[in-house]
Structures are given as structure tokens and as C-alpha cells.
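Quick notes on the structure that follows.
The values are calculated or read from the model by the stated rules, or taken from the named source; none is laboratory data. Just so you know, these numbers come straight off a predicted model, no measurement behind them. Reconstructed Cβ throughout: ideal geometry from the backbone, glycine too, with neighbour counts over all protein chains shown. Side chains included, ligands, DNA and RNA excluded: accessible areas come from the protein's heavy atoms. Shrake-Rupley method; radii C 1.70, N 1.55, O 1.52, S 1.80 Å.
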Amino acid sequence: MLTNEELADELRILADLMTIGGDDDVYRIRRYSRLADAIDALPEPIGAVYAEGRLTDMKGVGDSTAKLIEEYLATGSSKRREKLEETTPITVLDLLELPGIGPKTAQRLFQDLHIKSIDELEAGLDAGTVQGMKGITAKTEEKLRAGIARIRRRNVERPLQEVLRLSEQIGEALNLASDVTAVAVAGAARRGVETPRRIHVVAATENIGQAAVVLDKIGLGDGSPTREVRGEFGGGFPIRASLTPSAYFGVTWLRQTADASHVAALSARATERGLPPLDDDEGWRRLDEEEIYGKLGLPLIVPELREGTTAIDRADAGALPTLIRIDDYNADLHVHTHASDGLNTIEEMAQAAQARGYGCLAICDHSRSSGQAGGLSAERLLEQIEQVRVVNDGMDSDFTLLAGSEVDILRDGKLDYPNDILAQLDWVVASVHSNFNLSEAEQTERFYRAMENPYVRVIGHATGRLLSRRDPYPIDIPALIGKAAETGVALELNAAPDRLDLNAEYCAMAREAHVPVSINTDAHRRETLDTIRYGLATARRAWLEPKHVVNTWSAEEIQGFRAPS
Ligand SMILES: [Zn+2]
Ligand SMILES: [Zn+2]
């Protein structure tokens, strides 16, 4: 069944297709986009609202809209959408991802120039037919071309969350083949790479032909019984599906997860020990990954470390670390509430954290300069601190709610609240949300100043990157890590799936410099607390152990960390 987010997306697709296709039912278009917002903000699953017959209690939902929602929940799509797509191909929606193109401009491009896709837009720009059209000035041409290049990059690499979601769809399709006994994610996504360059799944089946036919039905391969099916999925993104008899599942999964140099090293090791090479399926029949590593004289090397030979060497030296796991994670130290741009109350966020077994949570709403994000004035912040104290008093004694703030670092490196306000907080995350266009030296200096403030505990999402949407601003992260070591400030690994900021490479540098890392979801609604898994994947790739991560400590240790004297 569709999630709230997926249904909201579907309704926005309907509204956009109607707009671009020139549908003049503006009321319906507006109703769909308002309903999408309402469903996005709904505090319970839309499926539950439907099941209890409460759809028409929602604002703006009459009988016909309720029927439409019902159709989506039952089938995942709608007749209306299929009808719209007959005249307005879904590829026109890609145009909306470009800077400066809204539904009206997309409509003109589609209706006047018959441009239906990014490729056709680029061809139009090259031919000079697009320039001079209303809404497309000479100035926007450069932006459009940069946007087109960025979308093209989407088919080279995509965020881990999206690749896992696409992998799941492949898995669902494969599970329709009755003989498939296991489907698993492999490749870079299983290694936790932040932006994998392909989808890669491994499926166990005694009937490879049948699985290949199922894959053919979703546009992959040609249906012939082969063990490697390749193609494109999710709008041009490469995929590889490895089909294997279940006896060879273990060795196939291992081979398809590790990178080439890791596989080569294991194979060489096998030869040294008189064992068959790793590509000899029959030689490793019915062994799981742990047993294969065991035969090679190694402990199980976790997927995140199956790149190159470092982990193999460390294992030989008996020095393989025990990486951070979800059960070590005790405290999310950067979440928002509806007081700024979040969705839930302090209580709801606290209960959600407690339900996940955490012992601590820091409420960190935006500060006053982030006006567009509902940043809190000093007065509102002081009120919120009081509210946090009240909620904390009502919670079990083994749970600690911290009054924090995500304080903007201003252009000159000063913080957005004066020190006498900051002094009343338990936890301060300092982040940059503006002035991305400073020089590298100025930007780095700006962070230095913030780190010198005695109330700052952690620097939030330091590079500002948004995966496949915004490149990092110029900043010297190695220098920042040095400054963190000097000032005792922690650095954040922001686990939001489109940030993963700092990346694994920088987190490893922080570990080597003895700078604690704070992994936080930056959740703006309670469900998003679950995105911690993406942050943990990045942390594990950086060889972080529980001791390196502030969030594994007790509430007392966290409060004592860089506590101002
Ligand atoms: Zn932020
Ligand atoms: Zn935030």
C-alpha cells in the first residue's frame, strides 16, 4: 500500500500533468496539490484513515476524490493518470526539476515547442528555438544547461536511499517468480556507499528462466535464461540482477558485494590455501559468507569494509574494529519540531525517540535568522526551553530530553543568539544556512569563529551539500577538522538521506584526529528518526566505533561534553 509520501507525490504528478497538458480545470488542479500537502502533513497513515472510512472527513475530500485515493491505495496508480499520460508523457515532468522552470513554462515548452523531455529541451537550446521564449531569458540559459548536466549525473550516481528503494522494487518483482527463495541487495548499496552508481541485486532460484521472464516484464533483459541480467531502471539508472541457484547464493552474494580488489585478494588467499578460486561456484557450494571467510582464515568482514585489502590486513593482525551498530545508538542530538519547520510536537518527538530505545534526545529548532524555516526569536526559544523542561519531567527517569538549538552561524561567524541565551541551552548545534558564495578562506574562517564560541558543541552539516541537488560550498574541511581538535567541538555526520554530510572520507579524517563525530537525523517529523540507518552506513564506512560517536554516550556524558565552565 502507498505511504503518505508516495500518495502525495502521485497527486502532485496528477496536478503537474494536468497543468502542463493544458487542462483548464484549475480548481481540480489546486485541490490535488492542496490535498498532497495535507496528506504529507497527516500524522497517521492514510491507509488507516481509509480503512476507518474517514477519508471524506478530510478537508477538500469529496466522494470523487475519496474514490481516487481508494484507487491509488488499491492499485498504486489511477485511470486518470494513465489517461493523462496518453497525451502528456511523464518525461515532461523532468523539466520541472530544472532551475527556473515551473509548470507554466513547462506547459509553454510542451504545447508551443512540443518539448517532452530534457533531451528535447537541450536539442531546442542547441538549435536556438527555445531562447527568447517567454520565461526563458538569455540569463536562464546557462542555469538550464547546468541543471541539465546535474540531471544527467543522476543517471551516473544516485543517493543510497533512492537506490535502496529501487532495489526493493526489483525485489518485489522478483518475488513474484514462484521459485525465487531469496533476494538481496548487493554491490555498492550493500557496502553503504553514499551515491551508488548502479542497482545491484542477487536472487536465489532453481528456475533462472522464470526469474528472467519476470525481469523482462519490467523492462530488464530479453527474457532469455542468463545469470546476469542488465538494463536500466527508474528512468535510465543502470541495474544488474545476478540470478543464482540457491546452493551458490553465499559465494555469489559475497562476490557481487565486495569490490574487485577485495575479491581478487580473497581469491589469491584461496589459492595459497589450496582452495578453489572465488569464481568457482561449485567449490564454495552451500557455504554462507561467514563460512567462506572462515575457510580463508578470516572473521566475517562486514560489507562496508569489503573495499580494497585494508580490512583483510587488519583482520590478519587481529585488529579489525567492532563498528558502530544501531543498538549502540542512544541519542539523536539534532531534531526539529513544529515550533520551526518540523511537523511534530516536543512530546511526539520525545516519545518517538523513547520508542526507539534511545535514552536521550536534543530538540534543536532553527534560530531567528532562518526566518523561512520558522526560526525562533530569543523569546520563543526561552519559552521552548521551559516546555522542554516540563516534557522532560513527565518522561521516564531513564530518558533525558535536552533543550537545544540549531543556531545559525552568521556571515561573520558570530552566532544567531547572544551568549547569555546560549548559556541556557543544554546543547548547541551551529550550522550555516546562508551566504554559500563566500571564498573558501572566508567560509572556513567563518566556521573557525563559531567553533571558538564556548557554547557550541557540534558543527552541523559542514559542507552544505545536497546529494544530486547542490554541490558543497567552498570550504577547507581538513582545516576545520584541525580546528575541531583544537577547540574540542564535535563534527556532525548529518544522516538526512540527501545530505550524508560529512561524508565517510571526512568522518575517517575526524576519527584519526580524535575529533568526536555526532550522527544526527535532523528529523523534521518523527518517522524520519529512522533515517539514522543511512548515517550509520556512512559512519561504518569511516570505520567509526561506538567510542568515536557522541550519540552512543550516556545522557550525562553528552551533557558534560564540552560543557562551558
Ligand atoms: Zn540545518
Ligand atoms: Zn536541522
query: Can you run phi through the Karplus equation (6.51, -1.76, 1.60; θ = phi - 60°) for region 329-335 and list ³J(HN,Hα) in whole Hz, with x for Gly and Pro?
result: 7, 10, 7, 8, 10, 6, 9
Exposure of CYS507 as accessible area (Å², to 10), given a probe of 1.4 Å and all protein chains: 0
message: As an exercise, use a Förster radius of 25 Å and the Cβ-Cβ distance of ASP328 and LEU176 to find the FRET efficiency, rounded to the nearest 0.05.
response: 0.10
task: Only Cα pairs under 8 Å and at least 6 apart count here; give the relative contact order of the chain as a rounded whole percent.
output: 9
task: Take peptides 304-315, 391-402 and line them up by average Cβ neighbours within 10 Å, highest first, as a rough protection proxy.
output: 304-315, 391-402
- request: Give me the lysines in straight-line cross-link reach of LYS547: C-alpha distance below 23 Å, same-chain residues under 8 apart excluded.
  value: LYS483
- request: Quote the relative contact order of region 157-244 in percent (integer), defining contacts as alpha-carbon pairs under 8 Å separated by 6+ residues.
  value: 27
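Place the peptides 331-340, 513-522 in order of packing, highest mean first, counting for every residue the other Cβ atoms within 10 Å and averaging per peptide.
Numbers: 331-340: 24.5, 513-522: 22.4.
With the highest mean Cβ count within 10 Å placed first, the list reads 331-340, 513-522.
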query: Which ³J(HN,Hα) values in Hz, rounded to whole numbers, follow from the phi angles of region 468-473 under the Karplus curve 6.51 cos²θ - 1.76 cosθ + 1.60, where θ = phi - 60° and Gly and Pro get x?
result: 6, 10, 9, 6, x, 6
query: What percentage of the solvent-accessible surface of the chain, computed with a 1.4 Å probe over protein heavy atoms, is contributed by carbon and sulfur atoms?
result: 48
field: region 381-387 - phi-based ³J(HN,Hα) in whole Hz, Karplus 6.51/-1.76/1.60, Gly and Pro as x
entry: 5, 4, 4, 5, 4, 4, 4
Efficiency of FRET from Cβ geometry, ARG28 and ARG380, R₀ 60 Å, rounded to 0.05: 0.95
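DSSP loop trypsin sites (Lys or Arg not before Pro) in region 458-557 with at most 13 other Cβ atoms within 10 Å of their Cβ, which ones?
Here the sparse-neighbourhood loop sites are ARG469.
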- line: Sorting VAL302, GLN443, ILE20 by the position of each Cα along the dipole of the chain (Lys, Arg +1; Asp, Glu -1; all at Cβ), the one nearest the positive end of that ordering is ILE20
field: Sequence-distant lysines (8 or more away, or on other chains) whose Cα lies within less than 24 Å of LYS59
entry: LYS67, LYS79
query: After finding the eigenvalues of the alpha carbon gyration tensor for region 4-153, what semi-axes result from the square roots of 5 times each, listed largest first in whole Å?
result: 34, 15, 13
query: Going out from 0 in 10 Å bins, what whole percent of all Cα-Cα distances in region 157-244 drops into each bin?
result: 20, 56, 23, 2
query: Can you tell me the accessible area per residue over the chain, all protein chains present, probe 1.4 angstrom, in square angstrom?
result: 44
message: Using the crude model of +1 on Lys and Arg Cβ and -1 on Asp and Glu Cβ, and no other charge, please compute the dipole size for the chain relative to its Cα centre, in debye to 20.
response: 1000
field: Distance (nanometres) between label positions extended 7 Å along Cα→Cβ at ARG197 and ASN435
entry: 3.8
- prompt: What is the extension gain from LYS104 to GLU291, computed as 0.36 nm multiplied by their sequence separation minus the C-alpha to C-alpha distance, in nm to one decimal?
  reply: 61.4 nm
task: Could you calculate the contour length gain from ASP57 to THR226, that is, 0.36 nm times the residue separation minus the distance between their Cα atoms, to one decimal place in nm?
output: 55.6 nm
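What full-extension length gain, to one decimal in nm, is calculated for ARG470 and THR129 as 0.36 nm per residue of separation minus the Cα-Cα distance?
119.9 nm
Please find the FRET efficiency linking GLN424 to ILE151, where r is the Cβ-Cβ separation and R0 is fixed at 56 Å, and quote it to the nearest 0.05.
Working: r = 46 Å, r/R0 = 0.82.
The value I calculate is 0.75.
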- request: Would you give the gap between the C-alpha center of region 1-55 and the C-alpha center of region 353-432, rounded to a whole Å?
  value: 33
query: Peptides 239-247, 371-379, 107-115: what's the order by average Cβ count within 10 Å, highest mean first?
result: 239-247, 107-115, 371-379
- prompt: Using the Cα atoms as the points, what is the convex hull volume per residue of the chain in Å³?
  reply: 184
